[in-house]
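Working notes, beginning with the structure itself.
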Amino acid sequence: MATIGILGGGQLARMLAIAGAPLGHRFLVVDSAPDACAAQVAPVLQADWRDFAALGKFASQVDVATFDFENVPTDTAQWLTSHTRVFPNPAALAVAQDRLLEKALFAEIGLDTPTYAAVDSIDGLRAAVATTGLPAVLKTRRLGYDGKGQYVIRQNADIEPAWASLGGVPLILEAFVAFEREVSVIAVRSRNGEFRHYPLTRNWHRDGILSVSLAPLPGDPDLEARAVDRARTLAEHLDYVGVFALELFVVDGSLLGNEMAPRVHNSGHWTIEGAVCSQFENHVRAVLGLPLGDTRANGYSAMLNWIGELPDAKPVLAESRGHWHDYGKSSRAGRKVGHATVCADSPTELADRLRRIGLALGREAQVRPAVEVLTS
Ligand code: AMP
């Protein structure tokens with residue numbers, strides 16, 4: 001029995017603790033929020049990331065530390081390495097925290113990216129627009145997630161409002177990509193360098209927040225092989241240990257790197273019921289130095305994210321292989337409060353289940369893109 005420390009007490013920590021419990025492991029979570037939802041399944045030490053006395057106490061009680069939240073200050077992560085084992089390593093965390101460093105790393109490993117430029121002033125923004133063209137997306141380099149800290153510049157008249165909205169912190173301007181689709185590789189690397197990946201996942205976002213994931217994708221093994229190859233190179237380059245996600249845009253059959261998440265990822269939630277061993281269990285296995293689990297899919301799965309508030313669970317639970325996840329959070333606009341995963345043995349069977357759920361919940365628009373792919 002080991003105790004795994006998790007920095008951050010959101011739904012990812014909660015699902016890690018749930019996955020690790022059958023293996024006999026304990027968890028200790030650090031979070032500054034009094035109502036962290038992981039507290040419902042694991043003990044939480046309520047403390048700030050800079051409270052080194054509390055972190056020392058935390059480190060003395062755990063065998064290994066990992067992250068639910070990628071924006072834990074890197075000096076905190078670094079400090080922890082002299083008190084306990086920390087996976088993934090703080091250098092990997094640092095790269096993933098800064099969109100500029102991340103894009104430079106993608107270029108280094110041979111992964112193309114949207115055209116981009118660093119922005120630190122209004123004049124710099126004008127010059128960057130000349131580089132990327134319009135439309136373009138202005139993003140904060142750090143601390144952005146779920147579409148927060150982003151401003152789409154469609155015309156020159158948007159430049160000043162974009163700067164007024166986000167200026168004052170380091171920014172990056174990216175060309176707006178008219179992608180055919182968004183995909184992610186969820187992969188895991190062990191402490192001795194073994195690499196495994198789940199089938200490529202297709203993702204649909206709404207207002208910058210993940211709405212639906214679908215895996216495995218019917219067809220295109222070549223695209224998958226190229227995406228996985230980049231993910232493997234990235235993991236080896238960073239000497240990464242644990243689960244991570246590489247989010248990619250597909251444009252004219254080519255892959256462009258959008259971002260990496262140095263942790264278990266929302267687009268991998270389908271693996272809880274849809275794969276032999278889930279991303280959460282595999283992360284636990286990886287950080288503890290245990291053999292990795294089988295990443296193959298059990299049939300076809302779709303994950304529907306519940307944002308803001310939970311709909312009625314019954315239409316999902318009424319379906320064979322319909323699974324419900326309530327994170328135990330209060331409702332709030334834009335907040336991830338739960339998800340459903342629906343699995344099936346064939347694409348058409350999954351499409352039928354999604355259609356019924358969409359209709360019953362009045363969410364036909366949410367399920368439609370996945371249904372179209374499954375029936376095309
Ligand atoms: P991010 O937080 O950067 O992953 O952005 C959230 C979502 O916004 C992405 O998954 C895309 O759907 C969209 N997005 C972000 N950057 C771009 C871009 N350069 N071009 C087009 N869409 C983007």
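The values are calculated or read from the model by the stated rules, or taken from the named source; none is laboratory data. Quick caveat, the model's predicted, so the values are computed rather than measured. Using ideal geometry, Cβ is built from the backbone for each residue, glycine included, and neighbour counts are taken over all protein chains shown. Areas reflect the complete protein model, heavy atoms only, side chains present, ligands, DNA and RNA absent. Shrake-Rupley method; radii C 1.70, N 1.55, O 1.52, S 1.80 Å.
For segment 99-113, the set of residues classified as closer than 15 Å to L171 by Cα and free of Cβ contacts under 8 Å to residues at least 60 places away in the same chain consists of L101, A104, listed by residue number.
The residues of segment 151-170 that are within 13 Å of the ligand (Cβ to nearest atom) and within 22 Å of L101 (Cβ to Cβ) amount to a single one, Y151. Of the residues E224, E174, E236, E259, which is of a type outside the set (A, V, I, L, M, F, W, C), open to solvent by less than 10 Å² (accessible area, probe 1.4 Å) and either within 15 Å of the ligand (Cβ to nearest atom) or not in a strand (DSSP E or B) (or both)? Among E224, E174, E236, E259, only E174 is of a type outside the set (A, V, I, L, M, F, W, C), open to solvent by less than 10 Å² (accessible area, probe 1.4 Å) and either within 15 Å of the ligand (Cβ to nearest atom) or not in a strand (DSSP E or B) (or both). Of the candidates R126, R142, the single residue that is within 13 Å of the ligand (Cβ to nearest atom) and outside any strand (DSSP E or B) is R142.
When restricted to residues that are in contact (Cβ under 8 Å) with a residue 40 or more places away in the chain, part of a loop (DSSP other than H, G, I, E, B) and closer than 22 Å to S330 by Cβ, segment 36-50 contains 0.
May I ask you to verify whether P199 is assigned by TED's automatic domain parsing to the domain that holds W306, out of contact with any strand residue (DSSP E or B) (no Cβ under 6 Å at 6 or more places or on another chain), more than 16 Å from the ligand (Cβ to nearest atom) and open to solvent by 10 Å² or more (accessible area, probe 1.4 Å)? No.
Among the residues of segment 88-111, is any away from the ligand (no atom under 13 Å from the Cβ), in a strand (DSSP E or B) and in contact with a strand residue (DSSP E or B) (Cβ under 6 Å, 6 or more places away or on another chain)? No: segment 88-111 contains no residue that is away from the ligand (no atom under 13 Å from the Cβ), in a strand (DSSP E or B) and in contact with a strand residue (DSSP E or B) (Cβ under 6 Å, 6 or more places away or on another chain). Criterion applied to G358, G328 was being open to solvent by less than 30 Å² (accessible area, probe 1.4 Å), at pLDDT 95 or above and not in a strand (DSSP E or B), and the one residue passing it is G358.
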